[in-house]
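S.K.: The following block contains the structure, expressed as structure tokens.
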Amino acid sequence: MLDAFSRAVVSADASTSVVSDIAALRGFVAEGNKRLDAVNAIASNASCIVSDAVAGMICENQGLIQAGGNCYPNRRMAACLRDGEIVLRYITYALLAGDASVLDDRCLNGLKETYAALGVPATSTGRAVQIMKASSLAHINDTNTEAQAGKRFKQMGSAKGDCSALTAEAGSYFDRVISALS
Amino acid sequence: MKSVVTTVITSADAAGRFPSSSDLESVQGSIQRAAARLEAAEKLANNLDNVAKEAYAACIKKYPYLNDSGEANSTDTFKAKCERDIKHYMRLIQYCLVVGGTGPLDEWGIAGGREVYRALNLPTAPYVEALSFARSRGCAPRDMSVQALVEYNALLDYTINSLS
């Protein structure tokens with residue numbers, strides 16, 4: 001498993017040279033608090049993000065909870081919620097490390113084959129991850145609204161600033177999951 | 001590669017939980033100290049060749065027998081390899097400064113080092129001398145800030161201890 005710093009070291013070592021792009025790492029350090037806030041925003045709302053994504057996926061495809069569907073009965077629905085949480089957890093790890101290696105090695109490696117063997121539909125899984133992406137990015141930027149969330153509306157309330165780079169990075173980890181599954 | 005962040009993630013993953021606030025505090029702690037580490041890494045990178053050359057000269061001065069025929073520093077090829085080894089250690093130290101942990105030194109420098117030096121019949125004392133010279137050569141604020149020098153020296157000490 002690598003983080004942003006060890007990633008720089010491993011690529012420098014490949015050419016037995018010193019790490020020369022210190023400026024990029026300084027940027028990582030300077031933006032460190034934003035990153036920690038972003039991880040906190042996802043971790044603190046994890047169960048909401050996951051249940052919302054799975055519920056949304058089912059709303060769009062009711063067949064999933066009818067007899068023979070992949071979220072029927074409760075046992076399989078529970079497995080689905082559990083998997084959503086696991087995927088989201090590895091995404092927070094990747095976001096914390098600033099590198100996708102932990103997500104690749106510990107979550108995505110072989111996941112597609114496992115799901116194919118278990119008969120888990122890839123399109124539905126991808127849709128759930130897409131919803132998780134949308135709501136996670138909304139939580140990171142605090143752009144979620146009462147209209148979207150209803151009674152469960154909650155904001156992190158951290159100071160507003162330019163989080164575009166961080167948002168793009170977090171989004172890329174979700175996209176990575178989607179492309180690994182499709 | 002062992003660093004504060006990977007250690008935190010490994011333990012969170014073993015427990016199957018999201019990063020907790022104490023995990024984030026640990027990472028924050030490492031980020032706070034990162035400025036000094038990165039400064040040292042940058043200064044060392046800019047001057048690595050000279051630092052290695054001086055350290056190498058110092059160890060040959062202390063152990064002149066190495067120049068004798070058949071010894072580790074007797075031919076030009078050997079000399080180049082000796083200097084490269086010192087440079088190799090300095091580069092790993094720079095990596096450790098970047099990562100904020102001893103992972104690169106442990107994995108690429110120390111692991112198996114004893115066996116290699118024994119197999120090649122190389123003495124470790126000159127390496128210790130060269131690194132000790134570098135240890136006393138660094139000076140704040142001429143070379144880098146005080147805290148950066150502390151981080152740099154700590155890694156030199158770690159390498160010296162692993163060789164002695």
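S.K.: Going by the conditions given, is A:L81 buried (at least 20 other Cβ atoms within 10 Å of the Cβ) and in the same structural domain as A:L166 (by TED's automatic domain parsing)?
M.R.: no
S.K.: Identify, please: which residue in region B:105-132 is surrounded by fewer than 21 Cβ atoms within 10 Å (Cβ to Cβ), of a type in the set (A, V, I, L, M, F, W, C) and assigned to a helix (DSSP H, G or I) and is, among those, farthest from the other protein chains (Cβ to nearest Cβ)?
M.R.: The qualifying residue farthest from the other protein chains (Cβ to nearest Cβ) is B:A125.
S.K.: For a quick check of your reading: which helices (runs of 4 or more DSSP H) sit entirely within region A:17-112 and have at least 1 residues that are of a type in the set (A, V, I, L, M), within 14 Å of the chain's Cα centre (by Cα) and within 9 Å of chain B (Cβ to nearest Cβ)?
M.R.: A:32-44, A:46-60, A:74-97
S.K.: So B:G100 clears everything in (1) crowded, with 16+ Cβ neighbours inside 10 Å; (2) on the phi > 0 side of the Ramachandran plot; (3) more than 14 Å from chain A (Cβ to nearest Cβ) except one condition, right? Which one?
M.R.: Checking B:G100 against (1) crowded, with 16+ Cβ neighbours inside 10 Å; (2) on the phi > 0 side of the Ramachandran plot; (3) more than 14 Å from chain A (Cβ to nearest Cβ), the one that fails is (3).
S.K.: Starting from region A:107-122, keep only residues that are within 15 Å of A:G69 (Cα to Cα), then list their pairs with residues that are of a type in the set (K, R) whose Cβ atoms are within a distance under 9 Å, requiring at least 6 positions of separation or different chains.
M.R.: From region A:107-122, the pairs are A:A122/A:K112.
S.K.: Kindly indicate whether B:D49 is surrounded by fewer than 20 Cβ atoms within 10 Å (Cβ to Cβ) and either within 15 Å of the chain's Cα centre (by Cα) or modelled with pLDDT under 90 (or both).
M.R.: On the way: surrounded by fewer than 20 Cβ atoms within 10 Å (Cβ to Cβ): yes; either within 15 Å of the chain's Cα centre (by Cα) or modelled with pLDDT under 90 (or both): yes.
So B:D49 fits the description; yes.
S.K.: Separate question: Among the residues of region B:13-37, which ones are facing chain A (nearest Cβ under 7 Å) and closer than 17 Å to A:E85 by Cα?
M.R.: B:D13, B:F18, B:P19, listed by residue number.
S.K.: Report yes if some residue within region B:140-157 is aromatic (F, W, Y), buried (at least 20 other Cβ atoms within 10 Å of the Cβ) and more than 27 Å from B:A34 (Cβ to Cβ); otherwise report no.
M.R.: No, there is no match, as no residue in region B:140-157 is aromatic (F, W, Y), buried (at least 20 other Cβ atoms within 10 Å of the Cβ) and more than 27 Å from B:A34 (Cβ to Cβ).
S.K.: Using beta carbons and a limit of 8 Å, which pairs, at least six apart or on different chains, have the first residue in region A:146-159 and among the hydrophobic types (A, V, I, L, M, F, W, C) and the second one surrounded by fewer than 12 Cβ atoms within 10 Å (Cβ to Cβ)?
M.R.: What qualifies is A:F153/A:T145; A:F153/A:E146.
The values are calculated or read from the model by the stated rules, or taken from the named source; none is laboratory data. Since the model is a prediction, treat every value here as computed from it, not as a measurement. In this analysis, Cβ positions are derived from the backbone assuming ideal geometry, glycine residues included, and neighbour counts consider all displayed protein chains.
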